[in-house]
Every structure is written in structure tokens, then in C-alpha cells.
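Inspection log for the structure reproduced underneath, given as C-alpha cells.
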Amino acid sequence: GRGFDSQAIAGWNGPGPYKIVNNTLQGAGENLIFGGADPAIAGLVPSDIEIRRNHFHTPIAWKGVWQKKNLLELKNAVRVLIEGNVLDGSWTDGQTGWAIVLKSANQSGGCRWCRTTDVTIRRNLVVNAGAGINVAPTGDNPATDTTARRILVTETVLENIGVAPFTGDLRGFQLLPGTADITLEQSVLTGSLQAALMLGR
């Protein structure tokens, strides 16, 4: 799509569990997103989500053709395992080129309970992106009961970050104020970077 988001997989109104394993996921806006709309069911948070051994891919030939935001985004999800995936192809367009974006987002103002917590990102390869992993406490509407927290990033390789034509924020990891209980360990980062780790703004 152009002028609106398009995805390979999007979920916001089901409780889970979800198992997304061994797929090729090509999407322009976001390849995979949980959240992005307020659930119709009060208190619902997509939970117990397994995302393993997938190839998230946005072809560079789509640059300037379809609207790009990121490869994987969580706005309302708990107990998520993201393991052994290849995430390939993100650049500045609708957003600023991040491969992975995590936040607790009360998207349209009717979901104070929406949250992103208890996420493990392990043994992934992130390649050809304008920036790596961005964790924000909340979305544009800050009225959430719980900010993004309890997130582990481990044994993950970020390669060719911020190298043209994959333009973006030129940062490996960004943790914005208000996030809590974030662990980054045993990961490798290469590319054309302004900062490997940005704390705050």
C-alpha cells in the first residue's frame, strides 16, 4: 500500500496463543504487527506468541513504491518469544527505518490496558535496516497503565545497519525514557552508525 499500512500478518483482537514458525513474511508497512488498533474486547492483550525461524523480508525494489515502516512491531502483546528469525530490509519512509519497534500503545484512546511486556528477542539476524531495535514506553497517546518493560535482547546480530540504500536513524539500539527492565546482552552490531546504543533523547 501507499499512504496506508500493509502487513503480511496483523493481529489486535484475538487473545492468543499464536505460533508463527517457518514462514517467509513480506510486507511493506510492517511485515508483522500486534496492536495498532484498539481491541473490541475489554482487557484483551494478545498473549503467548511464538515467532520463530521466519524470514521477514522487504525487497529493496519496493523502496519509493510502497510505504515502509518497519519489519516487526509490538504495540499490545505479552509473553512473546522472537527467536531464530532473519529480519531483512527497512528504510526511512513512513517511519525512520527501524527493523523492530516495541511500545505499549493505546492506539485510539480506548485501550489503557494495552501493553508490551515480557518479550524475549533471541538468536536473530537483523540485516539491511536503517536502524536496529527501538523500545519506547508508550505510543503517541501516552495514556496506558503499563509502559513497555521486561524485554530481553540476547545473542542477536545486527548487520549492515544504516548503510545506503537502507537509510534511517543510524542507531543500533534505542531505549527511550520510561521503559523498564530492559536487558541487552551478547549481541553484535555493524554498520554506519551514529550510536550503537542511545539512551533517552
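The values are calculated or read from the model by the stated rules, or taken from the named source; none is laboratory data. Here the structure is a predicted model, which means the values were calculated and not measured. Ideal geometry is used to build each Cβ from the backbone, glycine not excepted, and the neighbour counts take in all protein chains shown. Protein only, heavy atoms only, side chains kept; ligands, DNA and RNA dropped before computing areas. Shrake-Rupley method; radii C 1.70, N 1.55, O 1.52, S 1.80 Å.
Extension gain, ALA196-ARG53: 0.36 nm per intervening residue step, less the Cα-Cα distance, totals 48.9 nm.
Using the Karplus relation 6.51 cos²θ - 1.76 cosθ + 1.60 with θ = phi - 60°, the per-residue 3J(HN,Hα) values for the stretch 66-82 come to 10, 6, 10, 10, 7, 9, 8, 9, 10, 10, 7, 6, 10, 6, 10, 10, 10 Hz, with x marking Gly and Pro. A cut-off under 14 angstrom between Cβ atoms defines the neighbours of PRO46, and their net charge, with Lys, Arg +1 and Asp, Glu -1, is -1. VAL65: net charge of surrounding residues, Cβ under 11 Å, Lys/Arg +1, Asp/Glu -1, itself excluded? After counting each charged neighbour, the total is +2. When the alpha carbon coordinates of the chain are projected onto the principal axes, the ranges are 44, 34, 31 Å, largest first. Under 5 Å between amide hydrogens, built in the peptide plane, is the criterion, and for VAL126 it picks out LEU87, VAL157, LEU158, GLU159 among residues at least 5 positions away or on other chains. Under a 5 Å amide H cut-off, with hydrogens placed 1.01 Å from N, VAL163 pairs with ALA129, SER192 among residues at least 5 apart or on other chains.
As an exercise, use a Förster radius of 25 Å and the Cβ-Cβ distance of GLN186 and THR24 to find the FRET efficiency, rounded to the nearest 0.05.
The pair GLN186/THR24 has a calculated efficiency of 0.40.
Each label point was placed 7 Å from the Cα along the Cα-to-Cβ direction; for VAL157 and TRP62 their separation is 2.4 nm.
Carbon-plus-sulfur fraction of the accessible area of the stretch 1-87, 1.4 Å probe, in percent? Heavy-atom surface of the stretch 1-87 belonging to carbon and sulfur, 1.4 Å probe: 53 percent. As a fraction of the 1.4 Å probe accessible area of the stretch 107-169, surface on carbon and sulfur atoms comes out at 45 percent.
Rolling a 1.4 Å probe over the heavy atoms of the protein chains gives the stretch 63-117 an accessible area of 29 Å² per residue.
Give me the extension gain from ARG112 to ARG2: residue separation times 0.36 nm, minus the current Cα-Cα distance, reported in nm with one decimal.
On the way: separation 110, 0.36 × 110 = 39.60 nm, distance 2.98 nm.
Full extension from ARG112 to ARG2 adds 36.6 nm.
Electrostatic bookkeeping for ARG79 treats Lys and Arg as +1 and Asp and Glu as -1; over the other residues with beta carbon under 12 Å from its beta carbon, the sum is -1. Residue ranking by accessible heavy-atom surface, 1.4 Å probe, largest first, among ASP5, ASP169 comes out as ASP5, ASP169. Residues whose amide H lies under 5 Å from that of GLY16, counting only those 5 or more places away or on a different chain, are SER47; hydrogens are built 1.01 Å from N in the peptide plane. Our coupling estimate for the stretch 143-157, obtained by passing each phi through the Karplus curve with A = 6.51, B = -1.76, C = 1.60 and θ = phi - 60°, is 7, 10, 6, 9, 7, 4, 6, 6, 10, 10, 10, 9, 6, 10, 9 Hz, Gly and Pro reported as x.
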